[in-house]
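The values are calculated or read from the model by the stated rules, or taken from the named source; none is laboratory data. Since we're looking at a predicted model, the values are computed, not measured. Cβ atoms come from the backbone with ideal geometry, glycine included; neighbour counts cover every protein chain shown. Calculation scope for accessible area: heavy atoms of the full protein, side chains included, ligands and nucleic acids excluded. Shrake-Rupley method; radii C 1.70, N 1.55, O 1.52, S 1.80 Å.
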Amino acid sequence: MTGRVEYDEFGLFGENAAEYGLPFDRPPAVRRVFADVPGGRRLSALAWQDRDPELVLLHGGAQNAHTWDTVAMALDRPLVAIDLPGHGHSDGPGDRPDGQLDAHGNAIDVAAAVRQLAPAAQAAVGMSLGGLTTIALAAEAPELVRKIVLVDVLPGVTAQRAQHITDFVDGPASFASLDELLERTARFNPSRSRPSLRRGILHNAEQQPDGTWVWRWARHRRPAAIASPAPASPAAGTRYEQLWEALSSITVPLLLARGMRPDSVLDDDDERELLRRLPSAQVIHVEEAGHSLQGDTPLELAAIIERFVF
């Protein structure tokens with residue numbers, strides 16, 4: 001039997017700090033909290049610091065709240081990073097037709113969680129599926145959304161441009177060892193350090209009693225589901241057009257942080273469509289980042305959030 005791998009989800013922050021040169025005289029004050037959502041379910045979140053949260057952070061599909069760890073440490077502000085339905089430590093999406101991939105259904109759950117955990121937050125920051133959920137949240141509960149930061153996502157993302165994400169997510173259902181999982185993850189993330197990828201895996205996967213590993217989000221995954229932010233069917237396309245309409249109706253300040261490496265899911269046409277529909281939107285290009293700005297350039301993303309929100 002494969003040996004057990006020790007994991008303390010609050011014991012890895014020193015590695016984050018060391019990799020990115022952040023001060024670290026003591027571990028940050030972080031705790032796991034839960035919020036009740038419709039259907040008798042709960043969403044989980046990481047609450048940073050002991051003051052009223054100033055930010056809500058929403059991760060992408062097939063990720064979890066720990067993807068924001070380095071960003072949160074760099075910001076050094078009270079915030080909540082929420083596990084989307086079916087991800088991390090949150091309950092599954094229930095009976096929604098599209099499961100955890102439905103931004104509109106996510107927004108209903110997230111609105112309930114934000115009301116309980118961060119009702120006065122100054123901004124919602126959403127990456128990929130979390131960004132689409134943020135747009136839907138602004139329509140579902142506009143009183144909870146005062147500023148918006150979208151991280152490398154807009155409703156026009158196509159399946160073709162998100163293919164590399166889909167290819168990674170549509171991998172084996174389980175892995176024989178942590179090393180096997182790390183090797184596959186590294187192939188799809190060649191610019192990321194091995195230590196950062198290993199941390200991400202420990203937060204986003206769990207070891208089974210027989211020693212094998214499965215992704216946490218895969219526990220609730222439906223057979224036909226994908227974790228890319230792109231529409232997977234004509235019906236999904238209709239809902240994404242509804243997200244464009246929701247975005248067009250946003251009246252609060254909005255900023256798009258766009259990765260400029262080839263693994264971004266956006267292109268110039270997406271940016272032009274954003275500015276056509278919402279001329280007040282701001283756009284910042286991050287040259288050294290791809291789709292995952294919080295993983296590729298976390299300090300730069302933290303600085304972008306800081307300047308825009310505060």
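Quick look at the numbers
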| read-out | value |
| --- | --- |
| Accessible surface, per residue, of the range 233-310 when the full set of protein chains is kept, probe 1.4 Å, Å² | 45 |
| Relative packing of peptides 194-203, 131-140 - highest average C-beta neighbours within 10 Å first | 131-140, 194-203 |
| Residues in the range 175-205 that a label on TYR20 would reach, taking backbone N under 20 Å of a point 7 Å out along Cα→Cβ | 186, 189-205 |
| 1.4 Å probe accessible area per residue over the range 2-86, in Å² | 43 |
| Cα centroid separation - the range 296-310 against the range 162-224, whole Å | 27 |
| Share, in percent, of DSSP beta bridges within the range 35-104 that are antiparallel, nearest 5 | 65 |
| Within the chain, percent of DSSP bridges classed antiparallel, to nearest 5 | 45 |
| Value of [θ]222 nm, deg cm²/dmol, for the chain, DSSP H segments ≥ 4, -39500 (n - 2.57) each, nearest 500 | -10500 deg cm²/dmol |
| Relative packing of peptides 178-187, 120-129, 251-260 - highest average C-beta neighbours within 10 Å first | 120-129, 251-260, 178-187 |
| Unit charges on C-beta of K, R, D, E only; dipole of the chain, Debye | 360 |
| Point-charge dipole on Cβ atoms (K/R +1, D/E -1) for the range 1-94, about Cα centre, debye to 20 | 260 |
| Dipole of the range 78-161 [Lys/Arg +1, Asp/Glu -1 at C-beta], most positive-end residue of VAL149, GLY92, GLY131 | VAL149 |
| Fraction in percent of alpha-carbon pairs per bin - 5 Å, the range 17-142 | 2, 12, 24, 25, 19, 10, 5, 3, 1, 0 |
| Packing rank of 148-161, 271-284, where each peptide gets the mean count of other beta carbons within 10 Å, highest leading | 148-161, 271-284 |
| FRET efficiency, GLU245 to SER174 (Cβ-Cβ, R0 30 Å, nearest 0.05) | 0.15 |
| Descending principal axes extents, the chain, alpha-carbon based, whole Å | 56, 45, 42 |
| Sulfur and carbon atoms: percent of accessible area, the chain [1.4 Å] | 51 |
| Chain lengthening between VAL33 and VAL252 when straightened (0.36 nm per residue, less Cα-Cα) | 76.0 nm |
| Relative contact order %, the chain, counting alpha carbon pairs below 8 Å whose residues are six or more apart | 19 |
